[in-house]
Amino acid sequence: MSEENLRAPDDLVTNHICEGGNLDCGSGLLLLIRNAMDAVPQNEILEIRSTETSVREDLPAWCRMTQNPYLGWRAGKGHLNFFVRRGDVETQNDAINKARAYRWQTRTRWNGGMTATIFCRNHSWFVGQPASFDVQDAAPSAVEYVLGALGACLALGLQIRASQRNIAIDEMEISLSGTLDNIFVFLGTATNGHSGFKEITGTLYVQSDADENVLRALWQETVAASPVANSLARNVALNVGIRAM
């Protein structure tokens, strides 16, 4: 039986409860679980409640990564109940250290012409030439993917922080634009400057009942903690070699 279909015994009960509301693992539930798990003694069980059915598929993966055994799920009154046993703390620390040292990987295959295919885990997508000024292309340019990655990272980061504080976000859109320092460096027709982004500007448009000052504070936290924003704003050690085949 696959983990997402693992049913918890009806007589499995615990006093340790994590109320997840309608959150799923990608919108803040895992942070609530992590905080709740800190108060659970080793080998005791945490019950997680959520109305999101996708937790059945996503929670077992988190349990494997953090070394907290997943015990299954069962239907509750208006929500689903998920059960996780608190694992060995020393083993969990080892898992955390491995997560910190994890290397993210992609593989890129040239398709011929001006497109390439990117592969990572179970995903793949097409990318066009690094920068294009044409009205239409076969695929988005690489620099547009950079802007898109930044926007997605910021949008989901804000949602995670809002859910932690029980703040409902009704609508959200981020508009980003950027200017390259000197695209002709990439084309080989200039040597002054560089071909990377010189500046990126944008605006978050958000609809929420929360106070505007609260939203501004959340936004500042989100930008400061964004992995993609930090990668763009800081110097990254880049070491990409070549191997002839």
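The values are calculated or read from the model by the stated rules, or taken from the named source; none is laboratory data. The structure displayed is predicted, hence computed values, not measured ones. Cβ atoms come from the backbone with ideal geometry, glycine included; neighbour counts cover every protein chain shown.
Couple of notes before you dig in:
- Leading residue by the ranking (modelled with the lowest pLDDT) among those in the stretch 8-54 that are among the β-branched types (V, I, T) and within 18 Å of R86 (Cα to Cα): V13
- For the stretch 118-145, a tally of residues being assigned to a helix (DSSP H, G or I) and either under 30 Å from A210 (Cβ atoms) or of a type in the set (S, T, Y) (or both) returns 1.
- Those residues of the stretch 156-199 which are of a type outside the set (A, V, I, L, M), part of a helix (DSSP H, G or I) and under 15 Å from A142 (Cα atoms), in sequence order: F186
- Complete set of residues in the stretch 86-110 that are within 22 Å of A36 (Cβ to Cβ) and in a loop (DSSP other than H, G, I, E, B): R86, G87, D88
- Test for A168: is it among the small types (G, A, S), exposed (fewer than 14 other Cβ atoms within 10 Å of the Cβ) and modelled with pLDDT of 90 or more: no
- Residues within the stretch 56-94 that are in contact with a strand residue (DSSP E or B) (Cβ under 6 Å, 6 or more places away or on another chain) and of a type in the set (A, V, I, L, M), tallied: 4
- Apart from one condition, N182 fits all of (1) modelled with pLDDT of 90 or more; (2) more than 22 Å from the chain's Cα centre (by Cα); (3) exposed (fewer than 15 other Cβ atoms within 10 Å of the Cβ); the exception is (3).
- Breaking point among (1) closer than 12 Å to I169 by Cα; (2) not assigned by TED's automatic domain parsing to the domain that holds M172, for D209: (2)
- Each residue in the stretch 30-78 was checked for being under 18 Å from N15 (Cβ atoms) and either crowded, with 17+ Cβ neighbours inside 10 Å or β-branched (V, I, T) (or both), and 12 of them qualify.
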